[in-house]
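Data first, discussion second: the structure below is written as structure tokens.
We did not get these values from a lab; they are worked out from the coordinates using the rules stated. Computed from a predicted model, the values in this text were never measured in an experiment. Cβ placement follows ideal geometry from the backbone for every residue including glycine, while neighbour counts extend to all protein chains displayed.
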Amino acid sequence: MQSNKVHTLLSTYGLHWKICLSIAISSIAATTACTSFIGGKAEIRDNRKFIIESSPLSMTLPNSERPYTIHLELNKFDVSRLYDRNQIVIRESPEEIREERYHSWAVRPSEMITDAVEGYLKDARLFADIRQDFIDTSPDYSLTGTVKSLERLDSGDQWYANFKLSMQLVNNRNEIVKSWDFSDEAERVYNRDFVHTVSTFKEMLRRYMTQVIRDLDFMFLVRKMQLENRPY
């Protein structure tokens, strides 16, 4: 019906289509200007993607004899289904969560955290061989991990990064040799922009891995000295 009215007007007044198009464009521009003037223009939001990666550790390990002749397999970290997706989880109460509409993970957390942990271990040069998959040979040890929570807590005008993680070192007899449980209190974030929450997650993982690397270095240093009948 609307199309028929337009054609009728064009036929009646004999207006050239280019003139009509110019009038239409001018009308749209004027409408947009008025909308902006009265504050009715919708805000355009960018879809942002975030990632947690390893960063260089400035740490000293006295008497370290790295790398140790160990083949370590890094298993893919287990992440709860609530968090192992590209959507970022925001918790507003113990019973209520929501997904960030404009923010997402660039990589699924199970892969993202596993890759970050591998980066830290390789950067520390702890072992002769670190891989996520051993096909041609069997590893001496395996490192497994579980992400218990990876979410932002929103409490009105306050925000917290909640990142809880546990890890286990298992030998080739499937015995747990060492375990870690990082279940610290959620850390306060002082800026609403989500990039600051991700930076806090990253710093928490960096702190966790600093402890893991120190423990592993000490454990395998003692083991090496014992095998060589050296006092320690």
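Of note:
- Over 19 Å apart at the Cα level, from the set 49/76; 76/122; 76/164; 49/148; 122/164, are 49/76; 49/148; 122/164.
- Residue 178 long-range amide H proximity, modeled H, under 5 Å: 169
- The phi-based Karplus calculation (6.51 cos²θ - 1.76 cosθ + 1.60; θ = phi - 60°) puts the 3J(HN,Hα) values of the range 54-63 at 6, 9, x, 9, 9, 9, 10, 10, x, 6 Hz, whole numbers, x for Gly and Pro.
- Taken over the range 165-232, the alpha-carbon convex hull comes to 107 cubic angstrom per residue.
- Both the radius of gyration and Dmax for the range 84-129 are 15.3, 46 Å, in that order, over alpha-carbon atoms.
- Above 19 Å, the calculated P(r) of the range 104-181 contains 50 percent of its Cα-Cα pairs.
- Phi to ³J(HN,Hα) by Karplus 6.51 cos²θ - 1.76 cosθ + 1.60 over the range 221-232, Hz, x for Gly, Pro: 5, 4, 4, 5, 5, 5, 5, 9, 6, 9, x, 9
- For residue 159, distant residues with modelled amide H under 5 Å away: 189
- Label-to-label distance, residue 48 versus residue 203, with points set 7 angstrom from Cα along the beta-carbon direction: 1.7 nm.
- Here the range 99-232 is treated as an ellipsoid with the same Cα gyration tensor; its semi-axes, largest first and in whole Å, are 34, 17, 12.
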